[in-house]
């Protein structure tokens with residue numbers, strides 16, 4: 001399992017609209033992608049213009065190849081991209097430890 | 001529930017030692033703190049010197065007051081701090097959406 005962490009900064013005052021947009025797009029586009037196990041959308045307490053999207057993929061390539069090179073990707077970015085105040089920071093992670 | 005996301009950059013070549021140190025300290029110090037529901041330690045695929053620690057707290061103050069002002073905090077930082085290549089970036093998040 002691979003965790004994608006996508007770090008977004010959005011334009012001020014657009015939080016409610018962004019949350020509605022990304023929730024809809026995640027459910028209808030992201031969750032239907034091959035290898036997508038699930039996702040979480042998190043809003044920052046200290047900076048409400050910062051969001052962290054976590055996506056759990058079977059394999060790295062399910063995101064980097066399967067999703068990003070699919071027809072679904074431009075649809076996804078068309079919905080959430082207009083809210084971005086800067087380029088998103090996206091990297092992938094392996095779980096190396098957790099609580100019992 | 002509040003998610004703490006702590007973003008660490010460590011010195012090159014110290015990954016295995018850091019993972020052993022933080023796994024032990026998380027289990028013996030962090031997990032025993034009041035309000036700590038659990039944690040995950042994640043290593044970045046693209047940049048193996050980057051780690052993201054996720055800690056799930058009952059309330060924001062369980063981390064910012066209860067843990068950080070406890071005797072446990074300097075113990076925790078004494079174990080993981082020497083690995084840091086720069087100051088950690090720590091913020092807190094509320095879950096605003098997730099997969100069904």
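Each reported figure results from applying straightforward, stated rules to the coordinates on display, with no laboratory input. The structure displayed is predicted, hence computed values, not measured ones. In this analysis, Cβ positions are derived from the backbone assuming ideal geometry, glycine residues included, and neighbour counts consider all displayed protein chains.
Brief remarks follow.
- When residues of segment A:48-100 are limited to those that are assigned to a loop (DSSP other than H, G, I, E, B), more than 11 Å from the chain's Cα centre (by Cα) and touching a residue at least 24 places away in the same chain (Cβ under 8 Å), the one nearest to residue B:61 (Cα to Cα): A:48
- Among the residues of segment B:22-62, the ones that are under 13 Å from residue B:80 (Cβ atoms), buried (at least 17 other Cβ atoms within 10 Å of the Cβ) and within 11 Å of another protein chain (Cβ to nearest Cβ) come to 9 in all.
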